[in-house]
Every structure is written in C-alpha cells, then in structure tokens.
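Worksheet: the structure to be examined is printed underneath.
The values are calculated or read from the model by the stated rules, or taken from the named source; none is laboratory data. These numbers come from a predicted model, not from an experiment. Heads up, the Cβs are rebuilt from the backbone with ideal geometry, glycines too, and the neighbour counts pull from every protein chain shown. Side chains included, ligands, DNA and RNA excluded: accessible areas come from the protein's heavy atoms. Shrake-Rupley method; radii C 1.70, N 1.55, O 1.52, S 1.80 Å.
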Amino acid sequence: MHKIAVLPCDGVGPEVVTEGLKVLAVAAEKYNVKYELVEYDIGGDRYLRTGEVLPDSVMEELSQCDAIYLGAVGHPDVPPGVLEQGLLLKLRFGFDQYVNLRPIKLYPGVATPLKDKGPEDIDFIVVRENTEGFYAGTGGQLKRGTPDEVAIQTGVYTRKGTERIIRYAFELARKRDKAKQVTCVDKANVLTYGHDLWRRTFAEVGEEYPDIKQENAFVDAVCMWFVKNPEWFDVVVTTNMFGDIITDLGAMIQGGMGVAASGNINPEGVSMFEPIHGSAPKYTGNNVICPIAAICAAGMMMEHLGETAAGAAIEKAVISALASGKLGDLSTRSGVSTTEAGDLVASLIE
Ligand code: IPM
Ligand code: MN
C-alpha cells in the first residue's frame, strides 16, 4: 500500500491535481496498485488565513509518506519568496530531494515551435541539482533601502552535492541506454570557483563511466543548442538555477508548460512529483489549464514507486490522447477544458 500525500496548493494546482488523480485511479485499478491518499490544505490561502506556511507537524507527517504529489505554488496576494521558500523549497530541501528530474520529450501530435524538428529530435532529460547553488539562500543585505545598499547572494556548491547529482546523471544515461551521453552544463568560464568544482567532479566521476560519452557545455550555448540542435542531447546535468532556467526553455520545445512534468527525487527518501508550470492565478477556477503535465507527473510517481506497468500505462494514454488531436493546442485557448482533457486520458488507459 503506497501512502501518497496530495498537496494541491495554489491557483490552478487543485484543478490539475484532480485530473492527475482521476487518471491515476483508473491506472491503479487496472494494474492492481494499492494506494491511499492523504490531502493537505497548505498554500497561499492557508497562509493568508492562519499565517502558517508549512508547519513542522505537516513535515513530520509527510516524512511518513511514500511520495508527495504537488499541484502548484504561488499566490498573487503573498509576497514573492514566502511560499516558494517556505513551502516548495522547504519540501525539496527538507526531504533532501537532490535530483530534479525533468524529461524534455516531444510526443507525436504535439506542436513544437522548432522548425523541422520532430519527436525523434526532442527526447532528452535534464537532471537539475535541487538543493544547492543560488537556491541555498545564503547571503545578506546591508543598508537596505538606502543609496548605499549592498546585497550578496552566494552560490553554494559542495563536493558531496555535486558528486551525487553527477553520479545520478551517469547512472541514468546507462539506464536510458539511448545515446549514452551526459552533458554537464555550467558557466565555468566565469564562475571559476563553484563551477570549477563541478567540472573537476564531472571529470573524476566520469572516469568510472567509460561507456558514457561526456561533454561539457556552457549554459548560454546550451540555450542556443536546445533550439538549434535538440537532438544532440541525451542526459543533461546542471546546477540548480541553470536547471530552472533551461527547463523552461525545454518545456517550450516539447510543446509548452502544459506538458512538462518533473520529479523531485531523493533516491533513499520521500520524493515529490509536480508539473513544472506555476499556479497561473489568472486562470484559477476557469477549467482551462492543460492537465497533461500533472498527469505525466503522476505517471512518473507510479514509476518511482515501482509501479512500472501503471506508470507506463499513464504515459501511453497521454501519448494516445495527444496523438488523437482532440486536445487542441494545449493552451488555455484550446477550447478543451481541464476536465475534458483528464477524462480523455483516463478513458485511454489500457
Ligand atoms: C520550478 C519553479 C521553482 C524553482 C520556483 C517556484 C521556486 O520555478 O520548479 O522550476 O525555481 O525551482
Ligand atoms: Mn522554474
């Protein structure tokens, strides 16, 4: 019995989570997956009501779960940072979910803005470091709000943190068994301390993987190549903030935020699955957001929990739904509601 914590949170989060759980229920029934859901009312509304973001008691309960399924975080009435740090990053850091796994896969029937590129060209995965870098929150401000203000925000890179994410990427390249290649993305020509550590670690760990091709690339060039030659990539490993940025670009080439899913993985602990899109407050309650990303995240969660048949069935149903052409352009103007999209995928589980 898998115990799954459900955190719909803010904006359109609850709407897409409902569809993800709808599809999950059908796949679980077909493949005999036993699970129990425990829903938590956290997010911007609760914060505005009670001043609480993510109480320790909830963290304690979540630590007893097998996985967390999250909708979206971000509320227009809450100052920036409060929910991002107090909720999303607290979960990622608190459960040491050091891998942020973001597949960039163009499914057949989905439009990409890249001219002359198709599903055979766009199929790679970004392994984003998820606990360090500029997200560590170290730094400070002096003389805030005065003309002499000083602000320092430090990127934190540890040997341990760098090594474990790079090792994960190499193992994944082996497991994928595609191009058997890992591209390490950094800015070592400018960030000559932190990203020098990354380069040396990549080279050292790489010696243990002679069967895997190894490339170094600068992040700015990678932005260019994701657009020009996405077929060059197989597994991409990168730092926290660069991973954040290049996966929004990745989401666009795979057909938009409506399809981009992610997993925050602690291979030895509690992992969390979420669409990479945000809470999209202006669409809240309108039933217009594409739930495919959230549905795919549920599929990744099944896979992670060892329910490979159910996970594969969810991905297959998504592929059939997208190929059917019945989901329109996946945008908020597609004319297909969130619920209809979820119903369609659920009906295609085999
Ligand atoms: C993401 C988001 C988060 C991040 C924000 C909401 C803190 O953009 O999951 O990519 O920067 O990691
Ligand atoms: Mn992001």
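What the table shows:
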quantity: Euclidean distance between Cα centres, the range 287-315 to the range 43-92, Å; calculated: 22 Å
quantity: Highest-first arrangement of 234-240, 185-191, 320-326, where packing means the average Cβ count within 10 Å; calculated: 234-240, 185-191, 320-326
quantity: Rg(Cα)/(2.2 N^0.38 Å) for the chain, N = residue count; calculated: 0.98
quantity: Å² of accessible area per residue within the chain, as computed with a 1.4 Å probe and no ligands counted; calculated: 43 Å²
quantity: Rounded to the nearest 20 debye, dipole of the range 112-254 from Cβ charges on Lys, Arg, Asp, Glu; calculated: 220 debye
quantity: Accessible surface of the range 1-131 [probe 1.4 Å, protein heavy atoms]: carbon and sulfur percent; calculated: 50 percent
quantity: Lysines whose Cα lies under 23 Å from that of K3, excluding same-chain neighbours fewer than 8 positions away; calculated: K22, K30, K34, K90
quantity: Rounded to the nearest 20 debye, dipole of the chain from Cβ charges on Lys, Arg, Asp, Glu; calculated: 500 debye
quantity: Residues of type aspartates and glutamates that K117 reaches as a straight line, Cα spacing below 16 Å, ignoring anything fewer than 8 places off in the same chain; calculated: E231, D234
quantity: Length-normalised contact order of the range 112-254 in % [C-alpha pairs under 8 Å, at least 6 apart]; calculated: 38 percent
quantity: Accessible surface of the range 289-336 [probe 1.4 Å, protein heavy atoms]: carbon and sulfur percent; calculated: 52 percent
quantity: Coil-residue chymotrypsin sites (Phe, Trp or Tyr not before Pro) of the range 159-207, DSSP, other Cβ within 10 Å capped at 12; calculated: Y193
